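The values are calculated or read from the model by the stated rules, or taken from the named source; none is laboratory data. This one's a predicted model, so the numbers in the text were calculated from it and none came from an experiment. All Cβ positions, glycine included, derive from the backbone under ideal geometry; neighbour counts span all protein chains shown. The area values use the complete protein model at the heavy-atom level, side chains included, leaving out ligands, DNA and RNA. Shrake-Rupley method; radii C 1.70, N 1.55, O 1.52, S 1.80 Å.
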Amino acid sequence: MAKKTTSPSQKKSNEFNFSNISNLIDSISKKDIISIEDFDKEKSFISTGIHVIDALLSKSILKGGISNNKITIIAGPKQTGKSFISLSIARNAQKMGYNIVWIDTEYSIEKTDFDMYGIDTSNADKFMLIRTNIV
């Protein structure tokens, strides 16, 4: 069987080149498929109300908590403080101007619980409660 020969110009186009990858990433990011992380930009967090947990989640006691740009699910065994932490996060997020969508899969929370923690439930644009038994 005859060997396929390649010219020097063909070899160069098949070689690895960082500038090709950079151009590809720039092209893709312009289509909003991916975003390029800006490591110099200060990250923003929503406090859990418990400094030790804030520090564990974000490595900052005073400015920490859960990331403000990610979906966060709080799960664990019964009576371990999930509702307390979630209500504290919702209150602190609302103070920062965020709107709250609370999904209750156990039908375990009442409007008075939100009121007791200082969460404004009066405005449907700022707070929405969804009850479902489907996770």
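Of the numbered criteria (1) open to solvent by 90 Å² or more (accessible area, probe 1.4 Å); (2) touching a residue at least 12 places away in the same chain (Cβ under 8 Å); (3) out of contact with any strand residue (DSSP E or B) (no Cβ under 7 Å at 6 or more places or on another chain), the one Ile85 fails is (1). Scan the range 38-66 for residues that are within 21 Å of Gly118 (Cα to Cα), outside any loop (DSSP other than H, G, I, E, B) and open to solvent by 30 Å² or more (accessible area, probe 1.4 Å) and the total you get is 3. Out of Asn69, Asn92, one residue alone is open to solvent by 40 Å² or more (accessible area, probe 1.4 Å) and out of contact with any helix residue (DSSP H, G or I) (no Cβ under 6 Å at 6 or more places or on another chain). It is Asn69. The one condition from (1) loosely packed, with under 11 Cβ neighbours inside 10 Å; (2) within 21 Å of Lys43 (Cα to Cα); (3) in contact with a strand residue (DSSP E or B) (Cβ under 7 Å, 6 or more places away or on another chain); (4) not hydrophobic (A, V, I, L, M, F, W, C) that Tyr107 does not meet is (2).
Where residues in the range 72-82 are of a type in the set (Gly, Ala, Ser) and more than 21 Å from Gly118 (Cα to Cα), which of them is least open to solvent (accessible area, probe 1.4 Å)? By that ranking, first place goes to Gly76.
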